[in-house]
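S.K.: One structure, as structure tokens, below. Some questions next.
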Amino acid sequence: MPYFQLPQDLERRDVAERFTPNGAQKVTLIVAGCYIVGIAILWNVPYLKYLLYPFKLLTVALHEFSHALAGVLTCAKIKSIKLDPDEGGATRMSGGIPLITLPAGYLGSSFMGACMIACGFNTNASKIASLVLAAIFILALFWARKSVVAWILIFGFAGILIALWLIKNSIGLRFFVLFMGVMSCMYGEHE
């Protein structure tokens, strides 16, 4: 069988073209960088940090859901998830493997954040990510059904998602998913 080899110069150029971001990807990277800087500033400035308050609570919900998911996967019985208005939370469970369930909060919310960042580069992927987020929050609400804060937060989040889905070809949804991804990834660093 004949063997055809491309010149090395052509291969390098092809690789460079594949890894060069297009215009939309450059905009998304710049916006993600601005989100990182903006969140880092807002997180630490005394009165401005209240602008991030509802998004911090959403991130706490992802964190607590990650504990609960790890608990379910290690045969724990999830008793409840609590979201506190002071930006804290707790997942109560019995059983499971603590070596897995304890670090799952930060690892899970960071993983979900990384997935949301990846989805933030594409509108259709952002739509799918928003559906997955909605499903996660509905499951979290099942365990947090006694938490008024969780109900208000999740219904407010659902309203934002629906509005962003319907407005101007869902471009806002893409950047919202990107923002939530950056926020979730930064949560472990700041808390």
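S.K.: Can you tell me which residue in segment 57-99 is nearest to Tyr187 (Cα to Cα), limited to those that are of a type in the set (A, V, I, L, M, F, W, C), part of a strand (DSSP E or B) and touching a residue at least 40 places away in the same chain (Cβ under 8 Å)?
M.R.: Here the residue is Leu83.
S.K.: Does Asn124 satisfy the condition of being in a helix (DSSP H, G or I), surrounded by fewer than 17 Cβ atoms within 10 Å (Cβ to Cβ) and on the phi > 0 side of the Ramachandran plot?
M.R.: no
S.K.: What is the residue count in segment 25-51 for residues that are open to solvent by less than 60 Å² (accessible area, probe 1.4 Å), part of a helix (DSSP H, G or I) and modelled with pLDDT of 90 or more?
M.R.: Of all residues in segment 25-51, those open to solvent by less than 60 Å² (accessible area, probe 1.4 Å) come to 28, 31-33, 35, 38-40, 42-43, 45.
Subsequent filtering for residues that are part of a helix (DSSP H, G or I) retains 28, 31-33, 35, 38-40, 42-43.
Adding the requirement that they be modelled with pLDDT of 90 or more leaves 28, 31-33, 35, 38-40, 42.
Of the residues in that region, 9 qualify.
S.K.: With the structure loaded, tell me whether Ser130 is closer than 20 Å to Gly159 by Cβ and touching a residue at least 40 places away in the same chain (Cβ under 8 Å) or whether it fails that test.
M.R.: yes
S.K.: Right, something else. If you go through segment 74-89, how many residues are open to solvent by 100 Å² or more (accessible area, probe 1.4 Å) and closer than 16 Å to Leu139 by Cα?
M.R.: In the first step, residues of segment 74-89 are kept if they are open to solvent by 100 Å² or more (accessible area, probe 1.4 Å); the result is 75, 77, 79, 82, 86.
Retained after the next criterion (residues that are closer than 16 Å to Leu139 by Cα): 77, 79, 82.
Here the count works out to 3.
S.K.: Let me ask you something else. For segment 162-179, which residues satisfy the criterion of being open to solvent by 90 Å² or more (accessible area, probe 1.4 Å) and free of Cβ contacts under 8 Å to residues at least 12 places away in the same chain?
M.R.: Ile162, Leu166, Ile167, Lys168, listed by residue number.
S.K.: Let me ask you something else. Kindly indicate whether Ala114 is hydrophobic (A, V, I, L, M, F, W, C) and buried (at least 18 other Cβ atoms within 10 Å of the Cβ).
M.R.: Criteria not met by Ala114.
S.K.: For segment 142-152, name all the residues that are in contact (Cβ under 8 Å) with a residue 12 or more places away in the chain, open to solvent by 20 Å² or more (accessible area, probe 1.4 Å) and assigned to a helix (DSSP H, G or I).
M.R.: Trp143, Val149
The values are calculated or read from the model by the stated rules, or taken from the named source; none is laboratory data. Since we're looking at a predicted model, the values are computed, not measured. Cβ atoms come from the backbone with ideal geometry, glycine included; neighbour counts cover every protein chain shown. Remember, those area values only see protein heavy atoms, side chains included, never the ligands or the DNA or RNA. Shrake-Rupley method; radii C 1.70, N 1.55, O 1.52, S 1.80 Å.
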